[in-house]
1. Could you check how many residues of segment 50-93 are of a type outside the set (A, V, I, L, M), surrounded by fewer than 14 Cβ atoms within 10 Å (Cβ to Cβ) and under 25 Å from N19 (Cα atoms)?
2. Tally time: how many residues in segment 17-28 are modelled with pLDDT under 85 and part of a helix (DSSP H, G or I)?
3. So which of V92, V80, V112, V63 is modelled with pLDDT of 90 or more, more than 30 Å from Q12 (Cα to Cα) and not aromatic (F, W, Y)?
4. When segment 1-48 is examined, which residues are found to be open to solvent by 90 Å² or more (accessible area, probe 1.4 Å) and charged (D, E, K, R)?
5. The conditions are (1) surrounded by 11 or more Cβ atoms within 10 Å (Cβ to Cβ); (2) more than 30 Å from I13 (Cα to Cα); (3) among the small types (G, A, S), and A98 fails exactly one of them. Which is it?
6. I'm told A31 meets every condition in (1) free of Cβ contacts under 8 Å to residues at least 60 places away in the same chain; (2) among the small types (G, A, S); (3) outside any helix (DSSP H, G or I) except one. Can you identify the failing condition by its number?
7. Quick one: which residue in Q57, Q22 is closer than 28 Å to K96 by Cα and of a type in the set (S, T, N, Q)?
Amino acid sequence: MNWYIDPKKTNQIYQNIGNNVQLINVIVTPAIQEAVKASTPKRNAEEILKQREILKQEIDKSVANKLKKYGIEVVDISLVNLTFSDDYKKAVERKKIAEQEAETARKEAEAVIEQARGQAESQKLLRQSLNPQLLQKQAIEKWDGRFPTVMGGNGSLPLINIDPSQTSPLNP
């Protein structure tokens, strides 16, 4: 903590409390401890880490108000050496890992959904663009002149319409 004694109250402080060591032991340290003990239980350890600046401001204000009546002006307070148990640190680490894994799984699920949408849209466009007559014409053009050795039960040839009553791409 950075602080100084109000020059107008220096004589009174030294007469009533004593020198700097006594001032720190009797007034300053207890005021800081009281402010920290009053501010930190309002938050869990995770909030203390995340809201460190808010906690610092709360402690600053509390300490400054307590010490002002003794003629001590607070310039700034620094929060240092915030420590937590090993079990807590491990729990925080496990929580972070779980959050990261959940986020990764969510992104992967979104990617799978988008891929499925893309495939569905692709298939839809392909179905819309298929022209049976064009497909039959392409099959005839690629035909090597040999009939298959195995035929379906009704004797039809795949992709080739040989029914003369239906129009053909070759005979409109």
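The values are calculated or read from the model by the stated rules, or taken from the named source; none is laboratory data. Keep in mind the model is a prediction, meaning the values are calculated, not measured. Neighbour counts run over all protein chains shown; Cβ positions are idealised from the backbone, glycine included. All accessible areas refer to the heavy atoms of the entire protein, side chains included, with ligands and DNA or RNA removed. Shrake-Rupley method; radii C 1.70, N 1.55, O 1.52, S 1.80 Å.
1. 5
2. Total meeting the criteria: 1.
3. After ruling out the rest, the residue left standing is V112.
4. Hits for segment 1-48 are K8, E34, K37, K42.
5. Going through the list (1) surrounded by 11 or more Cβ atoms within 10 Å (Cβ to Cβ); (2) more than 30 Å from I13 (Cα to Cα); (3) among the small types (G, A, S), A98 breaks only (1).
6. Failed condition: (3).
7. It is Q57.
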